[in-house]
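Asks: This is the structure I have questions about; it appears just below.
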């Protein structure tokens, strides 16, 4: 079985702190994740002046703009992140919400560029992602099969991975609809299908792997009690350690689906089987 690619989504759970970001990178590396992921936005492009001016109390100020700007890393922070990830031997990339953000992250030569669910219908942005010879990941939250099919047609199928996703934080178990994973695998047999989860707990993420997800993404945090809208849908360090451990166990235990008699069973056959 091919190794499942495990992404620890830091997103905005660093709360604007490079130190917290580095701690989360360390956790992901120690747990055996393949990559960490951030969110990159050009604030004045992604949000309207009206949206930024809306009242919203946070640790950064009294408006939504204060919050968004406070959570956004720039070149100095990403330079540090790049160096830290290289030192820890873990990959990193980001979900890019606008063209300038795509250009910015692409400069670091990441293993992937991520298209967030919110941008799945933005044809011009989808085309911009393809300016770079970097594999793409497309999350499919807030979308139906027609929308997904259109996005795939715009992007093309080469070097593309689709992630089944439900875009609520935390997501209700009844809305996860994990059987979409095998359905997507049937619709797109030539495209890797994975899972981006925002639910509480770990069991459903294991189930996604059993159903055929070849890539798994979960938000991580130092503590779900920290400030931030994504924290309640995130996995703490001990949970991440168990998640990676058990996914790796599934990789070993899943086998190839061909029923055989193992050499280790031969002495047991001699001992216990009465008719051969």
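Asks: Sorted from largest down, what three extents in whole angstroms do the Cα atoms of the stretch 187-257 have along their principal axes?
Replies: 44, 27, 13
Asks: Multiplying the sequence separation of residue 45 and residue 204 by 0.36 nm and subtracting their Cα-Cα distance, what value in nm do you get?
Replies: Value of the extension gain: 53.7 nm.
Asks: Right, another one. For the chain, find the longest principal axis of its Cα atoms and tell me its angle to the long axis of helix 75-88, 0 to 90°, nearest 10.
Replies: Rounded to the nearest ten degrees, it is 20.
Asks: Once the piece of chain linking residue 272 and residue 241 is laid out straight, how much longer is it, given 0.36 nm per residue of separation minus the C-alpha distance between them?
Replies: So the chain would gain 7.2 nm between residue 272 and residue 241.
Asks: If the elastic network links every pair of Cα atoms under 10 Å, which of 159, 177, 76 fluctuates the most in the Gaussian network model of the chain?
Replies: Highest fluctuation of the listed residues: 76.
Asks: Separation of the stretch 119-160 and the stretch 1-78 by C-alpha centroid, Å?
Replies: Going from one Cα centre to the other spans 22 Å.
Asks: Considering the chain as a Gaussian network with a 10 Å cut-off on Cα pairs, which listed residue, 225, 142, 215, attains the greatest mean-square fluctuation?
Replies: 225
Asks: Using a 10 angstrom cutoff on alpha carbons, build the Gaussian network for the chain and name the most mobile of 113, 155, 83.
Replies: In this elastic network of the chain, the residue with the biggest mean-square fluctuation among 113, 155, 83 is 83.
Asks: On a 0 to 90° scale, report how tilted helix 145-155 is relative to the longest principal axis of the chain, with both axes built from alpha carbons and the result rounded to the nearest 10.
Replies: 70 degrees
Asks: Stokes-Einstein diffusion coefficient for the chain at 4 °C in a medium of 1.567 mPa s, Rh from the Kirkwood formula over Cα pairs: what value in µm²/s?
Replies: 65 µm²/s
Asks: Would you calculate, for the chain, the mean residue ellipticity at 222 nm contributed by helices, counting each DSSP H stretch of 4 or more residues as -39,500 (n - 2.57) and dividing by all residues, to the nearest 500?
Replies: When only DSSP H runs of four or more count, the value is -11500 deg cm²/dmol.
Asks: In addition: Within the stretch 7-31, name every residue whose backbone N is under 17 Å away from a label modeled 7 Å from Cα of residue 59 along the Cβ vector.
Replies: 10-25
Asks: Run the numbers for residue 19 and residue 118: contour at 0.36 nm per residue of separation, minus the present Cα-Cα distance, in nm. All intermediate terms of the calculation are to be shown ahead of the outcome.
Replies: Values: separation 99, 0.36 × 99 = 35.64 nm, distance 2.84 nm.
Going from the current span to full extension adds 32.8 nm.
Asks: What list do you get for 224, 107 if you sort them by fewest beta carbons within 10 Å?
Replies: 107, 224
Asks: Helix 237-253 against the longest principal axis of the chain: what's the angle in degrees, Cα atoms only, rounded to the nearest 10?
Replies: 40 degrees
Asks: By DSSP, what percent of the beta bridges with both residues in the chain are antiparallel, rounded to the nearest 5?
Replies: Details: 2 of 34 bridges.
Counting DSSP beta bridges with both partners in the chain, the antiparallel share is about 5 percent.
Asks: Divide the volume of the convex hull of the Cα atoms of the stretch 96-140 by its number of residues and quote the answer in cubic angstrom per residue.
Replies: Taking only Cα atoms, the stretch 96-140 has a hull volume of 56 Å³ per residue.
Read-outs throughout are calculated quantities, based only on the coordinates presented, and are distinct from any laboratory measurement. Everything numeric in this text was worked out from a predicted model, so none of it was measured. Every residue, glycine among them, receives a Cβ derived from its backbone with ideal geometry; neighbour counts consider all protein chains shown.
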